[in-house]
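J.: Please see the structure below; I have some questions.
Each value in this text was obtained by applying a stated rule to the coordinates, not by laboratory testing. Note that this is a predicted model, so its numbers are computed, not measured. Note: ideal-geometry Cβ built from the backbone for every residue, glycine included; neighbour counts use all protein chains shown.
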Ligand code: IPE
Ligand code: IPE
Ligand code: MG
């Protein structure tokens, strides 16, 4: 793509897909319509990322804190996800490997089996991975990792003095994947909202006021352009 020749393409992009509710409110529509448009935008942006040569895309779909919302809204978000997965299940396209991060244990059994089925069906598409963060919280992820490491210590497989940063990286949901290079948050808020706390240690962050349902390929390219112009020092000079 000639238009993108001066861009440095991040290997891993993470996105906090925020602003669906406000997008709907501006149009005097129910919040759920914002989520519906947001889901469409997600499939489009995933395709754009793949075309750009991004290897990993991690999207925040539902946080451990989002259960505080009205049950009707939670149900609607889960339904949109179900429809997305049913579509993948029926027409598996070579678009990418779907991988869920987060604690899926409290979800309905039908949704859980659909998740596992889609992960299984797309597992061969290793060029591009889409991580969907569902019932995901960065702190919750670390609690789970510490528990698992604790069990390994109890079983005598790990000794506490051998624990290092690599050990933690191996026990979190993104084990084996590179950390995000670029974190994009549309929707106007400038916070991380418990997303990828460990992994974002050195991510470049781009915040934009564009609401997620209005986010498009141009917004993605703008963020990648900003990223390309950043100087990543990692503490060096
Ligand atoms: C993000 O949009 C979607 C989820 C958190 C599930 P919001 O629903 O948070 O939209 P705003 O922030 O209220 O506009
Ligand atoms: C973060 O958005 C979670 C997702 C986009 C899934 P929120 O709308 O939940 O974040 P806060 O509440 O504004 O921090
Ligand atoms: Mg929000």
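J.: For region 88-225, what's the relative contact order in percent, using C-alpha pairs closer than 8 Å and at least 6 residues apart? Walk me through the numbers on the way to the answer.
T.: Details: 146 pairs, mean separation 28.6, N = 138.
21 percent.
J.: For residue 165 paired with residue 222, estimate the spin-label separation in nm (one decimal), with each label point 7 Å from Cα along the Cα-to-Cβ line.
T.: Going by the 7 Å Cα→Cβ label model, 3.3 nm.
J.: Also, I was wondering about something else. Would you calculate a helix-derived [θ] at 222 nm for the chain, using -39,500 (n - 2.57) for each DSSP H run of n ≥ 4 and dividing by the full residue count, to the nearest 500?
T.: Numbers: 7 runs with 98 residues, N = 237.
The per-residue figure over the chain is -13500 deg cm²/dmol.
J.: Within a 10 angstrom radius of the beta carbon, how do 6, 222, 181 rank from fewest other beta carbons to most?
T.: Placing the least packed residue first, the sequence is 6, 222, 181.
J.: What is the packing order of peptides 154-161, 13-20, taking the mean over residues of other C-beta atoms within 10 Å and listing the highest first?
T.: 13-20, 154-161
J.: Given Cα pairs under 8 Å that are at least 6 residues apart, what percent is the relative contact order of the chain?
T.: Reported as a whole number, the value is 29 percent.
J.: Show me 105-114, 200-209, 224-233 ranked by packing, highest mean number of other Cβ atoms within 10 Å first.
T.: 200-209, 224-233, 105-114
J.: Sticking with this one: Which of rounded, prolate, oblate describes region 36-104, given a ≥ b ≥ c as roots of the alpha-carbon gyration tensor eigenvalues and a/c under 1.5 marking rounded, otherwise prolate only if a/b is larger than b/c?
T.: Cα axes put region 36-104 in the prolate bin.
J.: Also, I was wondering about something else. What FRET efficiency comes out for the pair residue 191/residue 74, r = Cβ-Cβ distance, R0 = 25 Å, nearest 0.05?
T.: Working from the Cβ atoms, E equals 0.70.
J.: With r as the distance between the Cβ atoms of residue 40 and residue 7 and R0 = 25 Å, compute the FRET efficiency 1/(1 + (r/R0)^6) and round to 0.05.
T.: For R0 = 25 Å, the calculated efficiency reads 0.50.
J.: Ok, one more. Over region 1-134, what relative contact order in percent results from Cα pairs under 8 Å that are six or more residues apart?
T.: 29 percent.
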